[in-house]
Amino acid sequence: MPHALTDDGVRLYYEETGSGTPLIFVHEYAGDHRAWETQMRHFGQRYRAITYAARGYPPSDVPEDVAKYSQVRAADDILSVLDHLKIDKAHIVGLSMGGFAVLHFGFRHPARARSLTVAGCGYGAEKGEREKFRAEVQTIAKFIDDNDIAAFAEKYAYGPTRVQFENKDPRGFLEFKQQLAEHSKLGARNTQLGVQGERPSLYDLVDEMKKLTVPTFVLTGDEDWPCLQPALLMKQNIPSAGLSIMPNCGHTINIEDPDQFNRLVGDFVVQVDAGRWPMRDPRALSTSITGMR
């Protein structure tokens, strides 16, 4: 099995297909590298498509120490995969936990990104929800400690922003739930505590957003309630950001509605590669509603 080695000695399993300009896909907390299969098949026909399992997700290593898991590590692990594959720059696409990692990668390593797609990013980000989210992280970690991973998957899969997937595609949802039940119990617990629970609020990162000039695509479902306001926050503050909202979609948009997801991301990547993705015109930031003031 191919693995990339991080600077702290963790081996990350990866897969790739196709050739040409590289795109790398970074998965969400409840998914793993397999969640990108539809994207790997689609984009692998046109690009060098790459995905990997985050630390804590077999067949990547599962460090026992929770200190080995953090938002910084999650962002830098993308860099480790790129370095291992000798890729200078790539289009980087992430969902949820992966979306946070992609955004932080843009802050930390902007020269290595052709573009950033930040999808389903916002859980726990709103200031009024911050402590509530961190309390839920502790609840999740305790549930995982007290139960097997199959019981966790049976409960976690039915969150309020995932039932849309079950209603739309019962077979796809069942596959998602079965794959979640195959995750590492230790990895799921440590990722909750070290990455999910400790990442900074997006509302504390506005200054970093304003400096980001890498072409950025913010994408979310319209029933992914915790991500709607954070998506607007990123659109408003990242001068290179475009925003798209997928109708009647929940959180796991890349597998809930893969055709629409692939079309939107594909159109974005084509515009970036053609040099046609714009920076925001400063005139759009006028405090006047009509421009006639």
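The values are calculated or read from the model by the stated rules, or taken from the named source; none is laboratory data. Values in this document were obtained by computation on a predicted structure and should not be read as measured data. Glycine gets a Cβ as well: all are built from the backbone with ideal geometry, and neighbour counts include every protein chain shown.
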Output for the range 104-128, where each listed residue is within 14 Å of Thr220 (Cα to Cα) and not in a strand (DSSP E or B): Gly120, Cys121, Gly122, Tyr123
Check Leu228, Leu233 and return the single one that is touching a residue at least 12 places away in the same chain (Cβ under 8 Å) and out of contact with any Ser or Thr (no Cβ under 9 Å at 6 or more places or on another chain). Leu233
Could you tell me which residue of the range 52-84 is surrounded by the most Cβ atoms within 10 Å (Cβ to Cβ), considering only residues that are within 21 Å of Arg114 (Cα to Cα) and touching a strand residue (DSSP E or B) at 6+ places or on another chain (Cβ under 7 Å)? Tyr52
If you check every pair at least six apart or on different chains, which have Cβ atoms under 8 Å apart with a residue in the range 170-188 that is without any contact (Cβ under 8 Å) to a residue 60 or more places away in the chain first and a residue that is acidic (Asp, Glu) and outside any helix (DSSP H, G or I) second? Lys185/Asp148
Boolean, Tyr47 is more than 24 Å from Leu174 (Cβ to Cβ) and aromatic (Phe, Trp, Tyr): yes
Any residue in the range 29-51 that is in contact with a Ser or Thr (Cβ under 6 Å, 6 or more places away or on another chain), crowded, with 18+ Cβ neighbours inside 10 Å and among the acidic types (Asp, Glu)? no
Condition test on Ser115, is it in contact with an Asp or Glu (Cβ under 7 Å, 6 or more places away or on another chain), within 22 Å of Ala241 (Cα to Cα) and hydroxyl-bearing (Ser, Thr, Tyr)? no
Can you say whether Val93 is closer than 26 Å to Val270 by Cβ, modelled with pLDDT of 95 or more and either out of contact with any strand residue (DSSP E or B) (no Cβ under 8 Å at 6 or more places or on another chain) or not in a helix (DSSP H, G or I) (or both), as far as the supplied structure shows? yes
Residue satisfying condition, being of a type in the set (Asp, Glu), in a loop (DSSP other than H, G, I, E, B), modelled with pLDDT of 95 or more and closer than 30 Å to Leu174 by Cβ, within set Asp88, Asp77, Asp61: Asp61
On the given criteria, is Glu16 charged (D, E, K, R) and buried (at least 22 other Cβ atoms within 10 Å of the Cβ)? no
Cβ contacts < 9 Å: first residue surrounded by fewer than 24 Cβ atoms within 10 Å (Cβ to Cβ), restricted to the range 99-127; second residue in a helix (DSSP H, G or I) and among the basic types (Lys, Arg), any location; separation 6+ or different chain. Result? Phe107/Lys211; Pro110/Lys211; Gly124/Arg130; Gly124/Lys132; Gly124/Arg134
Go through the range 1-16 and report how many residues are of a type outside the set (Val, Ile, Thr) and outside any strand (DSSP E or B). 5
Between Arg41, Arg34, Arg55, which is part of a loop (DSSP other than H, G, I, E, B), of a type in the set (D, E, K, R) and closer than 25 Å to Ile255 by Cα? Arg55
Of the listed residues (Thr191, Thr139), the one being of a type in the set (S, T, N, Q), part of a helix (DSSP H, G or I) and without any contact (Cβ under 8 Å) to a residue 60 or more places away in the chain is Thr139
Would you pick out the residues in the range 215-244 that are of a type in the set (A, V, I, L, M) and surrounded by fewer than 18 Cβ atoms within 10 Å (Cβ to Cβ)? Leu228, Leu232, Leu243
Could you check Gln179 against (1) assigned to a helix (DSSP H, G or I); (2) of a type outside the set (Val, Ile, Thr); (3) farther than 29 Å from Asp61 by Cβ and say which number it fails? (3)
Please name all residue pairs, on different chains or six or more residues apart, with Cβ atoms under 7 Å, provided the first residue is in the range 258-269 and is of a type in the set (Gly, Ala, Ser) and the second residue is crowded, with 19+ Cβ neighbours inside 10 Å. none
I'd like to check something: does the range 284-293 contain any residue that is under 25 Å from Cys121 (Cα atoms), in contact (Cβ under 8 Å) with a residue 12 or more places away in the chain and either over 16 Å from the mean Cα position of the chain (by Cα) or not in a loop (DSSP other than H, G, I, E, B) (or both)? no
